[in-house]
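Participant: Before I ask anything, here is the structure I am working with.
The values are calculated or read from the model by the stated rules, or taken from the named source; none is laboratory data. Bear in mind the structure is a predicted one, so any value in this text is a computation, not a measurement. Neighbour counts are summed over all protein chains in view; Cβ atoms, including those assigned to glycine, are modelled from backbone coordinates with ideal geometry.
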Amino acid sequence: MRARFADPQPAISERLRERLEAKLAERGLDLDRQLPDSPEPIPALEAAQARIPVDYRDAVPEHPDVAAWVRTIAGNAVAPNTDGVNPHYGATGRRQITHGPSLLLWGPTGTGKTHQAYGAIRALTAAGCGVNWYATTAADLYAELRPRTGADPEYLLRRIMRIPLLLLDDLGAAKPSEWTEEITFRLVNWRCQHRLPTIVTSNMPPVRTSEVPARQPVLRERVGDRVLSRLSGMCTAVEFTGPDRRFQRR
Ligand SMILES: Nc1ncnc2c1ncn2[C@@H]1O[C@H](COP(=O)(O)OP(=O)(O)O)[C@@H](O)[C@H]1O
Ligand SMILES: [Mg+2]
């Protein structure tokens with residue numbers, strides 16, 4: 001016959017519990033106090049939130065390909081100083097993003113590409129990765145890099161080229177010129193060669209196929225063959241479809 005136990009089992013005896021509670025009460029702690037149900041704050045995520053446009057502050061990487069990419073990048077992240085003499089010691093820092101594949105999110109306006117891009121950045125931060133990231137639209141980048149007095153565009157470009165995680169939004173939307181093509185090429189080429197994770201979004205299909213309407217511009221024509229070749233080498237292309245979510249909200 002199986003023994004029957006009172007349910008639920010007390011974890012400690014009644015006497016011990018009373019003593020424990022008395023000790024806690026001495027210190028002003030109350031076991032019955034409800035714990036706050038908000039999750040622990042994550043300082044890195046809170047810091048990132050401040051830099052994320054309001055529209056995307058709740059974004060999560062719902063798209064399976066974007067979620068898979070986040071897992072890959074988080075898996076590649078390494079703690080600094082882990083490969084020293086004592087590999088198990090000295091791993092005091094947070095994991096840092098180092099290298100990995102990139103993403104090309106493409107599809108019509110309003111299908112959620114930028115939303116997923118910020119979702120990925122938020123997820124990496126929440127996963128405890130040290131994410132030094134920079135987000136810009138291609139048009140803003142060109143504007144910032146235009147030669148003007150008092151600014152050093154070359155320095156800025158070199159900094160952006162080396163950022164561990166870059167979101168280059170709306171590539172191909174700005175009017176192309178030889179100069180924009182050269183800037184894009186230098187940026188993308190560097191990041192391709194150093195395998196620095198980059199999220200590129202574009203409103204255009206990457207290349208012309210039989211399904212692309214004749215009047216629809218494609219990314220290759222906007223950014224040139226050299227850029228497109230690097231992008232196709234480094235990126236997983238993810239197509240976004242569906243209606244414009246901005247219209248649906250109204
Ligand atoms: N998965 C989602 N859940 C909730 N809102 C979304 C989602 N995806 C996009 N949105 C909202 O729809 C609008 C358009 O999305 P956005 O990412 O800016 O589109 P795109 O970059 O493809 O033009 C934004 O206001 C965004 O916050
Ligand atoms: Mg967008």
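Participant: Run down Arg208, Arg191 and say which single residue is surrounded by 13 or more Cβ atoms within 10 Å (Cβ to Cβ), farther than 23 Å from Val131 by Cβ and among the charged types (D, E, K, R).
Facilitator: Numbers: Arg191 fails: farther than 23 Å from Val131 by Cβ.
Within the list Arg208, Arg191, the selection yields Arg208.
Participant: Restricting attention to region 94-108, and to residues there that are assigned to a strand (DSSP E or B) and under 18 Å from Thr236 (Cα atoms), which single residue is nearest to ligand 1 (Cβ to nearest atom)?
Facilitator: Filtering region 94-108 down to residues assigned to a strand (DSSP E or B) leaves 95-96, 102-106.
Among the residues that remain, those that are also under 18 Å from Thr236 (Cα atoms) are: 102-106.
Values: Ser102: 17, Leu103: 13, Leu104: 13, Leu105: 8, Trp106: 9 Å.
Within region 94-108, the match that is nearest to ligand 1 (Cβ to nearest atom) is Leu105.
Participant: Just one of the numbered conditions (1) within 19 Å of the chain's Cα centre (by Cα); (2) away from ligand 1 (no atom under 16 Å from the Cβ) is not true of Thr136; which one?
Facilitator: (2)
Participant: Right, here's the next one. Would you pick out the residues in region 217-250 that are in contact with a strand residue (DSSP E or B) (Cβ under 9 Å, 6 or more places away or on another chain) and either within 16 Å of ligand 1 (Cβ to nearest atom) or charged (D, E, K, R) (or both)?
Facilitator: Leu219, Arg222, Ala237, Val238, Glu239, Phe240
Participant: Being modelled with pLDDT of 95 or more, within 16 Å of ligand 2 (Cβ to nearest atom), surrounded by 15 or more Cβ atoms within 10 Å (Cβ to Cβ) and at negative phi, is that true of even one residue in region 69-76?
Facilitator: No, region 69-76 contains no residue that is modelled with pLDDT of 95 or more, within 16 Å of ligand 2 (Cβ to nearest atom), surrounded by 15 or more Cβ atoms within 10 Å (Cβ to Cβ) and at negative phi.
Participant: Take the conditions modelled with pLDDT of 95 or more and part of a loop (DSSP other than H, G, I, E, B) and apply them to Leu196. Does it pass? Quick ask: steps written out before the conclusion?
Facilitator: Working: modelled with pLDDT of 95 or more: yes; part of a loop (DSSP other than H, G, I, E, B): yes.
Yes.
Participant: Of (1) more than 16 Å from ligand 2 (Cβ to nearest atom); (2) part of a helix (DSSP H, G or I); (3) at pLDDT 85 or above, Val60 satisfies all except one. Which?
Facilitator: (2)
Participant: Can you name every residue in region 98-127 that is touching a Leu at 6+ places or on another chain (Cβ under 9 Å) and more than 10 Å from ligand 2 (Cβ to nearest atom)?
Facilitator: Thr98, His99, Gly100, Ser102, Leu104, Trp106, Ala120, Ile121, Arg122, Leu124, Thr125, Ala126
Participant: Still on this model: Hey, could you check region 63-78 for residues that are among the hydrophobic types (A, V, I, L, M, F, W, C), assigned to a helix (DSSP H, G or I) and touching a residue at least 40 places away in the same chain (Cβ under 8 Å) and say which is nearest to Gly112 (Cα to Cα)?
Facilitator: Residues of region 63-78 that are among the hydrophobic types (A, V, I, L, M, F, W, C), as a first pass: 66-70, 73-74, 77-78.
From what's left, assigned to a helix (DSSP H, G or I): 66-70, 73-74.
From the residues that got through so far, the ones that are touching a residue at least 40 places away in the same chain (Cβ under 8 Å) too are 66-67, 69-70, 73-74.
On the way: Val66: 12, Ala67: 14, Trp69: 16, Val70: 17, Ile73: 21, Ala74: 22 Å.
Looking at residues that are among the hydrophobic types (A, V, I, L, M, F, W, C), assigned to a helix (DSSP H, G or I) and touching a residue at least 40 places away in the same chain (Cβ under 8 Å), I get Val66.
Participant: Out of Thr201, Thr236, Thr184, which single residue is in a strand (DSSP E or B), of a type in the set (Val, Ile, Thr) and crowded, with 17+ Cβ neighbours inside 10 Å? Before you say what the answer is, go through the steps one by one.
Facilitator: On the way: Thr236 fails: crowded, with 17+ Cβ neighbours inside 10 Å; Thr184 fails: in a strand (DSSP E or B).
Going through Thr201, Thr236, Thr184 in turn, the sole match is Thr201.
Participant: A follow-up question, please. Keeping to region 109-165, report how many residues are of a type in the set (Val, Ile, Thr), assigned to a loop (DSSP other than H, G, I, E, B), in contact (Cβ under 8 Å) with a residue 12 or more places away in the chain and out of contact with any strand residue (DSSP E or B) (no Cβ under 6 Å at 6 or more places or on another chain).
Facilitator: First pass over region 109-165, keeping only residues of a type in the set (Val, Ile, Thr): 109, 111, 114, 121, 125, 131, 136-137, 149, 160, 163.
Pick out the ones that are also assigned to a loop (DSSP other than H, G, I, E, B) and you get 109, 111, 131, 149, 163.
In the following step, the residues that additionally are in contact (Cβ under 8 Å) with a residue 12 or more places away in the chain were identified as 109, 111, 131, 163.
Subsequent filtering for residues that are out of contact with any strand residue (DSSP E or B) (no Cβ under 6 Å at 6 or more places or on another chain) retains 109, 111.
Of the residues in region 109-165, 2 are of a type in the set (Val, Ile, Thr), assigned to a loop (DSSP other than H, G, I, E, B), in contact (Cβ under 8 Å) with a residue 12 or more places away in the chain and out of contact with any strand residue (DSSP E or B) (no Cβ under 6 Å at 6 or more places or on another chain).
Participant: Further question: Please go through (1) more than 16 Å from ligand 1 (Cβ to nearest atom); (2) under 30 Å from Gly130 (Cβ atoms); (3) surrounded by 15 or more Cβ atoms within 10 Å (Cβ to Cβ) for Glu154 and return the number of the only condition it doesn't satisfy.
Facilitator: Here Glu154 clears every test but (3).
Participant: Please work out which residue is farthest from ligand 1 (Cβ to nearest atom), limiting yourself to region 113-133 and to residues that are buried (at least 20 other Cβ atoms within 10 Å of the Cβ) and among the aliphatic types (A, V, I, L, M).
Facilitator: Val131
Condition check ((1) modelled with pLDDT of 90 or more; (2) farther than 23 Å from Thr201 by Cα) across all residues:
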site: Thr82; (1), (2): no, yes
site: Gly100; (1), (2): yes, no
site: Leu104; (1), (2): yes, no
site: Pro108; (1), (2): yes, no
site: Thr125; (1), (2): no, no
site: Ala135; (1), (2): yes, no
site: Arg146; (1), (2): yes, no
site: Met161; (1), (2): yes, no
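Participant: Of the residues Arg2, Arg19, which is over 47 Å from the mean Cα position of the chain (by Cα), farther than 30 Å from Asn132 by Cα and at pLDDT 65 or above?
Facilitator: Values: Arg2 fails: at pLDDT 65 or above.
The unique qualifying residue is Arg19.
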